[in-house]
Each structure stands twice: as C-alpha cells, then as structure tokens.
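The values are calculated or read from the model by the stated rules, or taken from the named source; none is laboratory data. On a predicted model such as this, the values are computed, not experimentally measured, just so you know. Reconstructed Cβ throughout: ideal geometry from the backbone, glycine too, with neighbour counts over all protein chains shown.
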Amino acid sequence: MRTFIILWFGQLVSLLGSGLTGFALSLWVYKSTNSVTQFALLSALTLLPSIIVSPLAGSLGDRWNRRQLIILSDCGAGLSFLSIGLLLFIGQLEVWHIYVATAASSAFGALQWPAYNAVISLLVPPQHLVRANGLFQLGLAVSQLITPALGGFLLVTIQIQGVLILDGITFIFCLVTLLLVRLPKSKTMVKAEGLNKLMWHDTLVGWRYITDRPGLFRLLMLFCIYHFFEGTAGVLSTPLFLSFTSTAVLGTMLSIGGSGMLLGTAVITSWGGGKRRIYNVFWFMLLGGLCLLLAGLRPDVVLCSVGIFLYFFSLPILISSKQAILQSKIEFEVQARVFAVNGMLINLSFLLAYLVAGLLADHVFEPLLTINGPLAGSVGKIIGVGPGRGIGLLFIIMGILLIVAIVTSYLSPRLRLVESELPNVISH
C-alpha cells in the first residue's frame with residue numbers, strides 16, 4: 001500500500017497540472033479562433049488517439065516492464081506540452097500545434113493506463129481495491145472542482161506561460177515518484193512466450209477473455225451504454241442550462257457537480273464498497289439515470305443543480321466498484337490487454353456520443369418543442385416549449401433508457417452473480 005500511495009500521489013499532482021494546462025489551452029484556442037467547432041475538436045482529439053493506441057497499450061502493458069512503460073508515457077506526455085510552451089515563448093504557437101500536442105499527449109496517456117490498472121491489482125490487497133480506485137477518482141474530482149476557478153485565476157495572474165511552467169513542475173514531481181518506487185513484475189514478464197504476437201492478436205485475446213465470461217461481457221456492455229449517455233449529456237448540458245440561466249450560474253452549477261464528485265470519492269474510499277460491488281453498480285447507475293431524467297423535467301436551476309450533484313456523487317462509486325470487479329476477476333497475465341479493450345470500447349461510446357449529440361439536439365429534438373412544434377401541444381405542456389426544451393426531452397428519454405438497461409441487466413443472473421461465479425484471482 002505504501003508503494004501504491006506514492007504512485008497515486010504523483011499521478012494526482014500530475015493530473016492537476018495537466019488539467020490546468022488543458023483548461024488554459026482550450027481557452028487560448030477559443031479566443032484565438034472564436035469557433036465552437038475548433039473548440040470542440042480538442043475533445044475529439046483526446047479520444048481518437050487513445051482508441052487507435054489501445055491495442056498497442058494492451059499488448060505492451062502485458063509484455064513490457066510496466067514501470068518503464070508508465071515512465072515512458074509520462075515523459076512523452078510531458079514533452080508534448082513542453083513543445084507547446086517553447087512555441088509560445090518564441091511567439092510561434094498556432095492552433096494546429098495545440099491539436100498535435102493534445103493528440104500526442106492523449107496517445108501517451110492511453111499507452112499507460114492499461115498497465116496502470118493492472119499494476120493496482122498487484123499492489124493492493126483485494127479488500128482495498130475499491131478504495132484504491134476511489135483514490136484515483138479523487139484526482140478527477142479535485143480537478144473537476146478546482147480547475148476552472150484556479151485556472152481562471154492563474155491565467156490572470158501568471159498567464160498561460162506560468163500555467164505551462166507549473167505543469168512542467170508537476171510532471172517532474174510525478175516522474176520522481178515513479179523513479180522512487182519498485183513495482184512487482186507480472187508472471188507474463190518472466191515468460192518467453194508469444195513475444196512476436198501481433199497487436200491485433202493481443203486485442204483479440206483481451207476481447208475473447210471478456211466474451212468467454214458472460215458476466216464480464218454484460219458488465220462492459222452496460223458501461224458502454226452508460227458512457228454513451230454520459231457523453232451525450234456532457235455535450236448538451238451546457239446549451240441546456242444556458243437556455244434558462246447565465247454563464248456565472250452555470251459555473252456555480254458545475255462547481256456543485258465537482259463537490260458531489262468529491263463527496264462520492266470520500267464515501268467510497270472510507271466505505272470500501274462492501275462485499276457485493278455489483279450492487280453498487282446497479283444502484284448508483286440507477287441514481288445517475290434518475291438524475292438525467294430530473295435535469296430534463298423543468299428549466300429550474302435548483303432542480304438541475306440537485307441532479308448534477310447526485311450524478312457526480314454516483315460517478316466515483318460506480319467507476320471504482322467496476323474497476324475493482326475487473327481487477328479481482330481478470331488474470332494478471334492478460335489484465336492490461338483486457339483493460340485496453342475496455343478503454344477502447346468506452347472511448348468509442350464517448351466518441352459516438354460526441355458525433356450524434358449535436359445532430360440529435362439541433363435536427364430532431366429541439367424542433368419538436370419549438371413554440372409551434374409537433375410536440376408543443378402534448379409533451380410541451382408538461383416540460384415546456386422553447387429553446388432547450390427539446391434537449392430536456394432528450395435527457396428524459398436517456399434517463400428512462402438507462403433505467404431500462406439497468407433493470408434488464410439486473411435480471412441477468414450472469415451479471416448479477418458475476419462476483420460469485422468467477423473466481424477471485426487475488427489471494428488475501
């Protein structure tokens with residue numbers, strides 16, 4: 001656990017630095033181009049490289065020295081943003097440079113996470129896996145809570161150059177923590193088998209490992225559905241909330257969401273998730289579905305703030321419980337490959353959401369609930385008409401569909417009993 005805490009703390013500091021840099025660069029792109037499309041392209045560039053790199057990440061995560069792979073990935077991501085800093089200092093920075101650096105940083109990040117997830121199960125006793133994953137969610141929660149406010153303050157005081165220097169300092173700190181720890185080797189690393197296997201074959205190994213175990217496969221499919229709705233809601237929440245409130249209030253609502261995520265992280269790390277972690281998945285995903293439905297019902301700041309708070313509160317409990325199930329049920333020798341497949345499918349779910357969210361809102365749902373729209377006289381009498389109400393209807397439908405998916409999954413014995421039917425690969 002001592003090694004894990006050192007590893008986690010280094011990544012937490014690095015995550016905060018990267019979050020501040022990402023916030024600063026996204027504002028720089030938006031102010032330089034005044035284009036929402038250019039601004040949104042940064043989100044796509046954080047997903048596409050990770051999807052492409054996932055097969056390589058899974059293969060290397062099970063065949064290479066995982067500590068060296070994590071160090072290499074951190075160095076690559078750090079150098080990507082260092083190049084941005086140099087171009088900015090000499091006055092040659094252009095928007096396409098940021099696209100390239102963002103894509104490169106995303107690729108290096110994707111390269112390390114399967115190995116990282118596999119390392120956790122080698123360091124942490126099984127009874128503490130949920131807590132360990134909860135600590136990783138803490139970094140995301142803190143970033144969600146303080147990055148917008150702190151990033152805005154730092155941009156005014158030390159400007160973007162100072163933010164990039166600060167990110168460089170956090171990168172060096174993270175690298176030092178990695179150099180201080182020694183990580184256990186997996187069994188695969190001492191075998192000489194299959195070193196010439198192709199990446200696509202390793203990806204198939206990870207995929208077949210999941211599909212041969214119906215409980216794990218259904219768990220993954222349920223999370224793909226969940227993340228698709230999460231991605232759609234993430235894209236459309238800003239236009240939905242700005243249809244009835246100001247940007248200042250929106251910022252407060254997002255900070256409320258960050259505080260909910262922080263509280264959820266505190267709950268799961270102190271509680272530990274209990275013995276039946278699959279029930280955490282069912283109940284807190286159900287809460288997320290109810291929050292989507294709640295946010296779409298009325299254009300009300302208080303109602304939507306409650307929905308945002310509860311949704312983000314459920315998120316770290318969900319993710320930590322799912323990760324702990326996978327880490328305790330997947331054999332060490334293939335964990336990185338399985339986590340790579342898992343990450344690739346989830347990123348595809350997000351990418352699909354980003355591609356269809358705008359089309360669904362602009363061309364399908366918003367026209368339905370204009371003042372004289374086709375549903376103005378029926379659904380419109382319940383949830384209202386005008387700007388944002390079509391998106392509200394989409395939120396309600398997504399909430400209902402997610403609840404249906406959860407109930408259907410609960411009725412599947414293979415998923416409901418996944419922790420009982422699959423052997424635990426970690427000994428106490």
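Among the residues here, GLY257 qualifies as at pLDDT below 90, under 30 Å from PHE244 (Cα atoms) and assigned to a helix (DSSP H, G or I). Per the listing THR238, THR245, THR232, the residue uniquely among the hydroxyl-bearing types (Ser, Thr, Tyr), outside any helix (DSSP H, G or I) and either without any contact (Cβ under 8 Å) to a residue 12 or more places away in the chain or out of contact with any Ser or Thr (no Cβ under 7 Å at 6 or more places or on another chain) (or both) is THR245.
So how many residues does the range 157-166 have that are farther than 20 Å from SER80 by Cα and either at pLDDT below 70 or surrounded by 17 or more Cβ atoms within 10 Å (Cβ to Cβ) (or both)? Going through the range 157-166 one residue at a time, the tally reaches 0. Within the range 360-380, the residues that satisfy the criterion of being assigned to a helix (DSSP H, G or I), in contact (Cβ under 8 Å) with a residue 24 or more places away in the chain and within 18 Å of ARG298 (Cα to Cα) are ALA361, PHE365, GLU366, LEU368.
Listed conditions (1) under 22 Å from the mean Cα position of the chain (by Cα); (2) among the small types (Gly, Ala, Ser); (3) at pLDDT below 80 are all met by SER32, apart from (1). Residue count for the range 202-231 satisfying the condition of being at pLDDT 90 or above and within 20 Å of the chain's Cα centre (by Cα): 15.
Taking the conditions exactly as written (modelled with pLDDT under 95 and surrounded by 17 or more Cβ atoms within 10 Å (Cβ to Cβ)), does SER321 satisfy them or not? Yes; evaluated as a whole, the condition is true for this residue.
Give me the residue from the range 91-114 that is farther than 13 Å from LEU164 by Cβ and among the aliphatic types (A, V, I, L, M) and, out of that set, nearest to the chain's Cα centre (by Cα). Ranking the qualifying residues of the range 91-114, first place goes to ALA110.
In this structure, GLY386 does not satisfy being in contact (Cβ under 8 Å) with a residue 40 or more places away in the chain and part of a helix (DSSP H, G or I).
Picking from SER320, SER305, which residue would you name as being assigned to a helix (DSSP H, G or I), over 30 Å from GLY206 (Cβ atoms) and in contact with a Ser or Thr (Cβ under 9 Å, 6 or more places away or on another chain)? The unique qualifying residue is SER305.
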